[in-house]
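Report on the structure given below.
The values are calculated or read from the model by the stated rules, or taken from the named source; none is laboratory data. The structure displayed is predicted, hence computed values, not measured ones. Every residue, glycine as well, gets a Cβ built from its backbone with ideal geometry; the counts of neighbours run over all protein chains shown.
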Amino acid sequence: MPVRLALFQPDIPQNTGTMVRLCVCLGLGLDIIEPAGFPVSDRAFRRAGMDYLDAVEITRHTSWRAFEAARATAGRRLVLATTRAAQPYHAFSFAPGDIVMMGRESAGVPEEVHSAADARILVPMRPGLRSLNVAVAAAMILGEALRQLDAFPGGQEASTPAGR
């Protein structure tokens, strides 16, 4: 897998389900760092993830420290999406094996996670606005990473228009 998506203690099952679906469709693995703000078996999470939950490689980590240990063993770079970053995601050079991390919808990530990140990126927005929906931001960032790495799944012939 060219890159992975990591969710730090997600709060909203519908957003998580949307990002599960995103990972399945793009052929990416997903890391969920617990505790989540909902049980992973929650009905809304399952509904949002539809039948995609069984088609994605999800690695659940019981804590930030467990995730960090796994990441260190795998030798992967952590790229944190944060409104506190200065570098726009489209100006960042993604590398194979990167893990793109999205923070909690309600609180982002703690300083410990910011400090551990190898890079911090943001989605540029108009001044005075807080943030995009986390699933929308993840889609934008992962799309750019896959574009840079020439790693979109399938070829032109295999793709279909959205909604079909």
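Could you give me the residue pairs with C-beta distances under 9 Å whose first residue belongs to the range 106-125 and is at positive phi and buried (at least 18 other Cβ atoms within 10 Å of the Cβ), whose second residue is of a type in the set (S, T, Y) and not in a strand (DSSP E or B) wherever it lies, and which are 6+ apart or on separate chains?
G108/T82; G108/T83; G108/S131
So if I check each of L142, L149, which one is surrounded by 14 or more Cβ atoms within 10 Å (Cβ to Cβ), modelled with pLDDT of 95 or more and more than 15 Å from L7 (Cα to Cα)?
Testing whether each residue is surrounded by 14 or more Cβ atoms within 10 Å (Cβ to Cβ), modelled with pLDDT of 95 or more and more than 15 Å from L7 (Cα to Cα) leaves just L149.
A quick yes/no check of all residues on (1) surrounded by fewer than 21 Cβ atoms within 10 Å (Cβ to Cβ); (2) touching a Phe, Trp or Tyr at 6+ places or on another chain (Cβ under 6 Å); (3) charged (D, E, K, R); (4) at pLDDT 95 or above:
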position	(1), (2), (3), (4)
V3	no, no, no, yes
L7	no, no, no, yes
P13	no, yes, no, no
V20	no, yes, no, no
I33	no, yes, no, yes
V40	yes, no, no, no
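Only one of (1) modelled with pLDDT of 95 or more; (2) of a type in the set (G, A, S); (3) out of contact with any Leu (no Cβ under 8 Å at 6 or more places or on another chain) is not met by G103, so which one is it?
Failed condition: (3).
Filter the range 78-105 for residues that are within 25 Å of R21 (Cβ to Cβ) and charged (D, E, K, R); which is surrounded by the most Cβ atoms within 10 Å (Cβ to Cβ)?
The qualifying residue surrounded by the most Cβ atoms within 10 Å (Cβ to Cβ) is D98.
Given the criteria touching a Ser or Thr at 6+ places or on another chain (Cβ under 7 Å), hydrophobic (A, V, I, L, M, F, W, C) and not in a loop (DSSP other than H, G, I, E, B), does L7 qualify?
For L7, the condition - touching a Ser or Thr at 6+ places or on another chain (Cβ under 7 Å), hydrophobic (A, V, I, L, M, F, W, C) and not in a loop (DSSP other than H, G, I, E, B) - is met.
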